[in-house]
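The values are calculated or read from the model by the stated rules, or taken from the named source; none is laboratory data. These numbers were taken from a predicted model, which means no experiment stands behind them. Note: ideal-geometry Cβ built from the backbone for every residue, glycine included; neighbour counts use all protein chains shown. The accessibility values were calculated without ligands, DNA or RNA, using every heavy atom of the protein model including side chains. Shrake-Rupley method; radii C 1.70, N 1.55, O 1.52, S 1.80 Å.
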Amino acid sequence: MSKIEKIKVLYLDDEINNLHAFKASFRLDYNVLIANSAAEATEQVDKNPDVRVIVCDQRMPDMTGVEFFEQIRGKHSMPIRMLLTGYTDIESVISAINKGNIFRYIKKPWTDADIKSAIDEGNKFYMANSMLAIKNEELQKAYAELDKFAYSVTHDMRGPLLSILGAVDVARNIDEISEIREMLDLMEKSVKKLDNFIQNVHDYYNMKRGELQVVDIDFEELSEDQEDMNKIICKLNNIKFTTTVKQEGAFRGDIITLKVILNNLLSNAFKYQRKNNPDKFVDMVIEATRGVATITVTDNGIGIPDNHHGKIFNMFFRATTDEIGSGFGLYNVKDALLKLNGTITVDSVVDKGSKFVVTIPSK
Amino acid sequence: MISQKLHFIVIDDSKLDCFIAEKVIRNTGMSESTHSFIDAREALAYIADNTNTEVQTILIVDIHMPMMNGFEFVEAFEKLPADMQKCYIIYILSSSINENDLNRVKNYPAVRHFLSKPLTSNTLTALLERL
């Protein structure tokens, strides 16, 4: 047990002498709180809900220890309850244990060793319980996400497939070759949409389940990768892509997660351009100095309406019907930043463009 | 079966699905005109602006759409004046197999029927013949 964070133990007894003796014996091992009455003890637990073990005398004038535990359990279920008692009260103790009100009883007169081993056992049980509570909460979250996921899969995966199926059916009755061509273009888009969705799902699970693999990051190299990857898109859509990298000193991070962030921010910047804008541009600036990387991605595309700024990082949220999108990209970015303890801000004006600024600390 | 030809409005964020619906509608041979919208809000504005309450119009509406989804569209539609509503028949068309979605569709008085994607000429013709 670390000396700095001693666990809190509350001792309730109507005899002041016992309280002092208890405190004197255990103050070095535990953070000992004492109470002289049930009311005082309740107050103590209210003030210190992180009390791990409550030790209580059975025979007290206002209520018995068993009664006290039954009462405190309703409000504070986490602290481990231990009863101090002589053999004469054994019947009530057995029934209390069987009802689950008491974790353990300690026979009077007690020895320091009895108490210590009981408290340590109790603490272990407490830890296991809290761990279980945390795991349960995580599980609840995972279930909720899975529900959301299963729901969207029916739409985002079935949707494009059914579109293609419908198109195939319609195409059977079309003789006009130009109409067929038009449909093929649309079918291609559907296939790309599905593929895009699957890739995003892949990213999502990689990040969720994968452990971070921290390596030295060369931002220059990452930036060049992006230039290569986006070369064709730039050419096809006549977009000017500029990059600036300024890295001083080492930066450590997880390369896959960083790539997810860059890929998504840049692919959005390239995708959501204004079709008729003659000077389309995407600009990326990476500055990595003093252990913090700041990545700024700016475009002069369609922009995001003000009222959507808060929602764009939600799973499956889409702010536009233009272009192919899964509503997954920025959610993955946010998730990636969560893993890297990073932050993201957005500054965007409709028909002017968007600017995303990401900051990530070195690991 | 009604003798007069029908007007159609298709609302779906997928251009391909709009395209398919247009072809399927044309193939029924019962259409006078077809308008497609990839943004439900534009469709709503179009409907609200349309003062001609004589023509019978079939609305085919997708559920999952960005900006305004099918449910939001139907809710907004149900707030339109009654004499405006009466010349529209709403069919929901979706790839959803989610029970909550299906149950929710049933709770809107304005929705006549739920159709599963993909839309085919046979299903649509059968429905229109029952009008």
(request) Give the Debye-formula value of log10 I(q)/I(0) at each listed q (0.16, 0.17, 0.25, 0.29 Å⁻¹), with one equal scatterer per alpha carbon of the stretch A:1-60, two decimals each. (result) -0.46, -0.52, -1.03, -1.26
(message) Run the simple label-point estimate for A:Lys75 and A:Asn36 please: 7 Å along Cα→C-beta, distance reported in nm.
(response) 2.0 nm
(message) Limiting things to C-alpha atoms, what are the Rg and the maximum Cα-Cα separation (Dmax) for the stretch A:8-133, in angstroms?
(response) 13.2, 38
(request) Return an integer: the convex hull volume of the alpha-carbon atoms of the stretch B:1-72, in Å³ per residue. (result) 90 Å³
(request) Convert 25 °C to kelvin, take the viscosity as 0.890 mPa s, use the Kirkwood radius over C-alpha pairs of the stretch A:71-113 as Rh, and evaluate the Stokes-Einstein diffusion coefficient in µm²/s, rounded to a whole number. (result) 220 µm²/s
(request) Taking H placed 1.01 Å from N in the peptide plane, check which residues at least 5 places from A:Val245 or on another chain put their amide H under 5 Å from its amide H. (result) A:Ile286
(request) With a 1.4 Å probe and every protein chain left in place, work out the accessible area per residue of the protein assembly as shown in Å², rounded to a whole number. (result) 52 Å²
(request) Can you tell me which of A:260-266, A:181-187 comes out highest on packing, and rank the rest after it, using the mean Cβ neighbours within 10 Å? (result) A:260-266, A:181-187
(message) Bin width 10 Å, origin at 0, all Cα-Cα pairs of the stretch A:145-302: what percent of pairs per bin?
(response) 9, 27, 30, 23, 8, 3, 0
(request) Starting from the exponent 0.38 and prefactor 2.2 Å, build the expected Rg for the stretch A:162-231 from its residue count and divide its actual Cα Rg by it. (result) 1.79
(request) Please work out, to two decimal places, the log10 of the ratio I(q)/I(0) at q = 0.12, 0.14 Å⁻¹ from a Debye calculation in which every Cα of chain A carries one identical scatterer. (result) -0.90, -1.07
(request) Compute the FRET efficiency between B:Ser33 and B:Ala110 as 1/(1 + (r/R0)^6), taking r as their Cβ-Cβ distance and R0 = 35 Å, and round to the nearest 0.05. (result) 0.95
(message) Based on alpha-carbon centroids, what's the gap between the stretch B:1-80 and the stretch A:1-77 in Å, whole number please?
(response) 70 Å
(request) May I ask you to compute the full-extension gain from A:Lys148 to A:Thr244, defined as 0.36 nm times their residue separation minus their alpha-carbon distance, rounded to one decimal in nm? (result) 30.7 nm
(message) Please list the three semi-axes, largest first and in whole Å, of the ellipsoid equivalent to the stretch B:27-131, using sqrt of 5 times the eigenvalues of its alpha carbon gyration tensor.
(response) 20, 19, 13
(message) Where in chain B is the longest stretch that carries no trypsin sites (Lys or Arg not before Pro) classed as loop by DSSP and with at most 14 other Cβ atoms within 10 Å?
(response) B:6-78
